[in-house]
Structure formats: C-alpha cells, structure tokens
Amino acid sequence: MKKWTVSTFKAAKGVRKLGCCTAYDACFARLADEAGVPCILVGDSMGMVSLGYSTTLPVSMQETLSATAAVARAAKDALVIADMPFGSYQCGDDAAMANAVACLKVGADGVKLEGGARVCGLIRRMTDAGIPVLAHVGMTPQSVNAYGGFKTQGKTREAALQVLEDAKAVEAAGAFAVTLECVPDELAAEITAALKIPTIGIGAGPVCDAQWLVMHDLLGLNEGHVPSFVKRFANLAADAKKAFAQYVDEVAGGTFPPPRRGA
C-alpha cells in the first residue's frame, strides 16, 4: 500500500468512496492504518471520548500536538489530519499559522478548520504557505454554544444555501476536501455534485465522497449516547469489561499469575 497524500485523496472523488475515522493514540492509529483506513483524523472529539470533557471546547493545542505526534508515528500509509482545537485559530491569523505549522512539525499531513466563508482568508494563507487544509461546514461542534446544542444544519432552503455557499467558498480558498456534518442528505448530495474536491460526511447521508466515524463509536467503545447515523462495527466495550473482570477474578482467586518453576 502506498502512502495516501492530499493528491491521491482528491483523485479518489468519483472513483472510490473512502471510509475514514478518528484515532488519538499510536495503538489504534496503527490498527486503523494496517486495516487500510485512508485518512485518520486526530479529532478534537478526543475531548469527549478520551479526555472526559463534556464538549470539544476544552481541548488544548498541547493535547492536540501530543496526540497527533503519536498517531503520525504509528500511521505509515494513512493521511493524518490534525483537528485544530477551539481557540487555536480564532486567536488571530499569525498565531493560527504558528499552530498549524506546529501540527505539521509533529507529523500531521494537514489540518482541519471549522467554518465556511469566515475562515476563507486563513485557509488561503495556510494553503499558500504549503499547509493542506481540510475544511468543515454544516454543524460545527466548536460552535455548540452558538447553536444551543448539537443540531442539524441546513434544514430550510435559506440555511441550505448558506451551507452550500460556505462549501464553495472553502473550495475556492484552497481546501483539499470539506467535511459536511449533520446536514440533510439532499443538501449533502447537492454540495457533493457542486464541488470538485471530496466531501466527507458525518451524519450527512451516503452520497458524500467519503465518511467519518469517531473511532470509539465505530468500535463500540462508547457506551453512552451515540448519534442515530452511527453504526457499531464491533462491541469492544463489552469485551474489554469482560477481560478486566476476568483478570481481577483470577488475581483474587490466585490463578494469575501462575507459579514459575525454578524462577
């Protein structure tokens, strides 16, 4: 398998649909990479699934860099994208550029920014500097306080046109792909047809060029609420608890570890 690049990812549009996911450490990044996942996002979703936060907002730049470095060391073929956390690019373009550069220095192949037309100037500056950018429109979790919760976007025609214009704007600014999160299927289809760059859906139906799933949801590690569009492809939480319980029981019962003769 050859290393996925921004160019090969873009070239897959209309040829092959791509199943992409998140990862936050070297262990799961290696497993995803060896399984053939083409793109791994070091998502700020780590805040909720790994770090115990109630939203993505508290995730720090240092937490992102640490996780990105671990994933990049383990993923040999997948395209590794660092999700820039809240505050890391709303802090002025110069600081945002420095944060994006830091992501690439620890091994990311590109960065992801939330927002449409309002971040296009920054996207253009980054791409002009050689920093690949994956854009994100529709429901943007870092704006959860402005939305008043995690809500589907683009349900009215006026709102749908705004999402469409945002998608066109980030493409024109140089983004190599765009995430469409929690938008109606028909809007995702319209945007996918209108753009030359790939769309990556999460809760946006089957027509998108690629799909995201949060690793913990995909593997059944998250036993709390999961969105209706999620499919669990395994039930690792139950398997893990069973293993932990068996370990505790065997230690308590004196059967683990076994005696080592002559040691």
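Brief remarks follow.
- Condition met for Gly138 (crowded, with 23+ Cβ neighbours inside 10 Å, closer than 30 Å to Gly52 by Cβ and either in contact with a Gly (Cβ under 9 Å, 6 or more places away or on another chain) or modelled with pLDDT under 95 (or both)): yes
- Candidate set: the stretch 5-42, residues that are within 17 Å of Leu195 (Cα to Cα), among the hydrophobic types (A, V, I, L, M, F, W, C) and surrounded by 16 or more Cβ atoms within 10 Å (Cβ to Cβ); chosen: the one farthest from the chain's Cα centre (by Cα): Ala12
- Selection count, the stretch 89-121, where residues are within 20 Å of Leu57 (Cα to Cα) and either of a type in the set (D, E, K, R) or touching a residue at least 12 places away in the same chain (Cβ under 8 Å) (or both): 16
- Flag if Leu57 is assigned to a helix (DSSP H, G or I) and either without any contact (Cβ under 8 Å) to a residue 12 or more places away in the chain or surrounded by fewer than 21 Cβ atoms within 10 Å (Cβ to Cβ) (or both): no
- Only one of the numbered conditions (1) assigned to a loop (DSSP other than H, G, I, E, B); (2) modelled with pLDDT under 95 is violated by Ala175, and that is (2).
- Test: residue in the stretch 55-78 that is at pLDDT 95 or above, within 25 Å of Val207 (Cβ to Cβ) and out of contact with any Leu (no Cβ under 9 Å at 6 or more places or on another chain): yes
- Selection from the stretch 78-108 of residues that are over 18 Å from Thr179 (Cα atoms) and in contact with a Phe, Trp or Tyr (Cβ under 6 Å, 6 or more places away or on another chain): Ala96
- Entirely in the stretch 179-263, the helices (runs of 4 or more DSSP H) that have 2 or more residues that are out of contact with any strand residue (DSSP E or B) (no Cβ under 9 Å at 6 or more places or on another chain), of a type in the set (Phe, Trp, Tyr) and at pLDDT 95 or above: 236-253
The values are calculated or read from the model by the stated rules, or taken from the named source; none is laboratory data. Worth saying up front: this structure is predicted, and the values here are computed from it rather than measured. Every residue, glycine among them, receives a Cβ derived from its backbone with ideal geometry; neighbour counts consider all protein chains shown.
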